[in-house]
Amino acid sequence: MSPLALIPKLVKTTDITDSRFDAVILVADKVENLTGPTSIFQSLLLEYGEVSELKTLSVLRCESLPSKRLIWSPTGPVNRDYDDVRRWGEAAEKGTKKASSLHCKKPLLVVVHSNSFPQTFRISVLGGLLGLYVPIEIREDVPDRAKKAELLGVWVGDMNNADEELKIIGALEEGRVVTRDIGGSDPERMSAPNTVKYVKEVFDGSDVKVSVQEDVNWLEKSYPLLGAVNRATRDLERHSARLILLEYKGCGQTEEDLFLVGKGITYDTGGHDIKAGGHMAGMHRDKCGAAAVAGFFKVLSILKPKGIHVLGSMSMVRNSVGPDGYVADEIVTSRANVRVRVGNTDAEGRMVMADLLCYMKEQALKVNNPQIFTIATLTGHAVLAMGPAYTAVMDNGPAKRKGISQILQNAGDLMGDPFEISNIRREDYEFHKGKSEYEDVLQCNNLPSSQTPRGHQTPSAFLIMASGMDKHGIDSVNPIPYTHIDVAGSSGPFPGVPTGSPVLSLSYHYILQRL
């Protein structure tokens, strides 16, 4: 299953009046900026503006177009302190959704560029593609709704590198499609075994090596914290855990090694600390971290950046309730030989990642220039603190010295995939220190993260302590840069379509700079 076949073909044109297209979607900040070839729309829009509102999405009859149909999708103001490139992506998305509702199968996207935002064109096309995304369940189960458009035309004007740019955009969107497919699908369609099938199909014949471990005895021995979460479903084949490892090695001498750990909770009931009061709905989205790992590898497989080696893990586990399920007060010894007391079974995400973080630490010690990431829909506190559209990112000491969070924030600002930087403080480590001689580390307190001070920062300290990464800080002879990324807010709305965050930002820095 190649997502390429599921993305409308991007067709470039230099002619706004190209007869191949059945509508034109015009994205601009204001009518006065319609110059050159786009000036053919100016008089029509100004005339329309005398009797109606030009600030909102509108469909107009345009005699200059073979299709006679113009979809005006304005960005709104873009010159204020708080405006950013997302204005273009959002406008383009609205435009393609409107075109789809009008049964247009071959719309042409025309974007009026902004000098203030260098990625205007790229983000607009990605926004247009987002508006045409069809969830995998619909593609598979309702064939007559499998496509919203046959193609998306893109007016490239006098762009010199149009073919290369459209290839990059297509690759980025394929990565986001993989992320959305895995992250957004229901708990059965993308159960752990079904995720394995999907991932193998996505990377079949590519440069990405896929390996899978499903032996529960081996998982419990090698990754005991993950094994503890899996206990409730270990003997139920349909829901039992899978560990998926992905590996990519670019040509040439390796200059940097990336290690990605993705949280893949296929469904989160909360375990024995069960989610009550309606808070369980939407918990199939708790796998968006692992989904982003797969999406990033999809971009790698298409664009094939040089000089980089990437190892990624997807911990696909269901946090269920059952007679064998793990419970609060248990003490589990991690892969790093750290005694962890369970405080709340609804803090399972850090459990399924900590041992994989330890494994990645072991691999990082073998190379010269490593960078480790954990990516997870980890805490409600991240949504509370940062809002529902922003990724929380935080560095350990070595990563902070490299400026990783700042690099990602800068990339996110360019790519419309914004980050907010947090810091891991001494209080976070104190919070997770064992409270008695029985345990070394306390996994969690007894409250939801949204009711816990520093609720999205403390889990990163737990991950560092439980994995043994605390032995590799700035005071170590072997410091290892590690960055935690919480996408609980930025992964997308429910109900709704996942965004694919943070694939764009990671790809911009680690892939596009190496082409």
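The values are calculated or read from the model by the stated rules, or taken from the named source; none is laboratory data. Computed from a predicted model, the values in this text were never measured in an experiment. We place every Cβ from the backbone using ideal geometry, glycine too, and count neighbours over all the protein chains shown.
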Any chance K197 is under 24 Å from P8 (Cβ atoms), basic (K, R) and out of contact with any Asp or Glu (no Cβ under 6 Å at 6 or more places or on another chain) = no
May I ask you to verify whether P498 is of a type outside the set (S, T, Y), assigned to a loop (DSSP other than H, G, I, E, B), out of contact with any Leu (no Cβ under 9 Å at 6 or more places or on another chain) and surrounded by fewer than 24 Cβ atoms within 10 Å (Cβ to Cβ)?
-> no
Which of (1) among the charged types (D, E, K, R); (2) farther than 30 Å from R122 by Cβ; (3) within 17 Å of the chain's Cα centre (by Cα) does D413 not meet, given it meets every other one?
-> (2)
Consider A461 carefully, then state whether it is without any contact (Cβ under 8 Å) to a residue 60 or more places away in the chain, closer than 19 Å to G349 by Cβ and aliphatic (A, V, I, L, M).
-> yes
Just for helices (runs of 4 or more DSSP H) wholly inside the stretch 370-476: which have at least 3 residues that are of a type in the set (K, R) and surrounded by fewer than 24 Cβ atoms within 10 Å (Cβ to Cβ)?
-> 397-402
How about the stretch 341-368: which of its residues are more than 24 Å from the chain's Cα centre (by Cα) and charged (D, E, K, R)?
-> R341, E362, K366
Does I308 satisfy the condition of being farther than 12 Å from S320 by Cβ and either touching a residue at least 24 places away in the same chain (Cβ under 8 Å) or not assigned by TED's automatic domain parsing to the domain that holds D207 (or both)?
-> yes
Among the numbered criteria (1) of a type in the set (K, R); (2) in contact with a helix residue (DSSP H, G or I) (Cβ under 7 Å, 6 or more places away or on another chain); (3) assigned to a loop (DSSP other than H, G, I, E, B); (4) farther than 30 Å from N194 by Cβ, which single criterion is violated by R122?
-> (3)
Just checking, how many residues over the stretch 369-420 are at pLDDT below 95 and farther than 23 Å from Q451 by Cβ?
-> 0
Say whether the condition of being more than 23 Å from G397 (Cβ to Cβ) and not hydroxyl-bearing (S, T, Y) is met by at least one residue in the stretch 351-369.
-> yes
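Filter the stretch 16-54 for residues that are of a type in the set (G, A, S) and part of a helix (DSSP H, G or I); which is farthest from W155 (Cα to Cα)?
Taking the stretch 16-54 first, the residues of a type in the set (G, A, S) are 19, 23, 28, 36, 39, 43, 49, 52.
Still in the list and also part of a helix (DSSP H, G or I): 36, 39, 43, 49.
Values: G36: 13, S39: 14, S43: 20, G49: 24 Å.
Looking at residues that are of a type in the set (G, A, S) and part of a helix (DSSP H, G or I), I get G49.
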One residue from K275, K298, K287, K263 being among the charged types (D, E, K, R), part of a loop (DSSP other than H, G, I, E, B) and assigned by TED's automatic domain parsing to the domain that holds T345 | K275
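Would you check if D428 is within 18 Å of I372 (Cβ to Cβ) and free of Cβ contacts under 8 Å to residues at least 40 places away in the same chain?
yes
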Among (1) in a strand (DSSP E or B); (2) in contact (Cβ under 8 Å) with a residue 40 or more places away in the chain; (3) farther than 24 Å from P418 by Cβ, where does L109 come up short?
-> (3)
Select from the stretch 1-33 the residues that are modelled with pLDDT under 95, of a type in the set (A, V, I, L, M) and either more than 30 Å from the chain's Cα centre (by Cα) or closer than 18 Å to S124 by Cα (or both) and list them in ascending order.
-> I7, V31
Outside any loop (DSSP other than H, G, I, E, B) and small (G, A, S), is that true of S505?
-> yes
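Quick one: is Q371 more than 19 Å from the chain's Cα centre (by Cα) and not charged (D, E, K, R)?
Against the criterion (more than 19 Å from the chain's Cα centre (by Cα) and not charged (D, E, K, R)), Q371 does not qualify.
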One residue from D329, D346, D355 being farther than 30 Å from Q513 by Cβ, among the acidic types (D, E) and touching a Leu at 6+ places or on another chain (Cβ under 7 Å) | D355
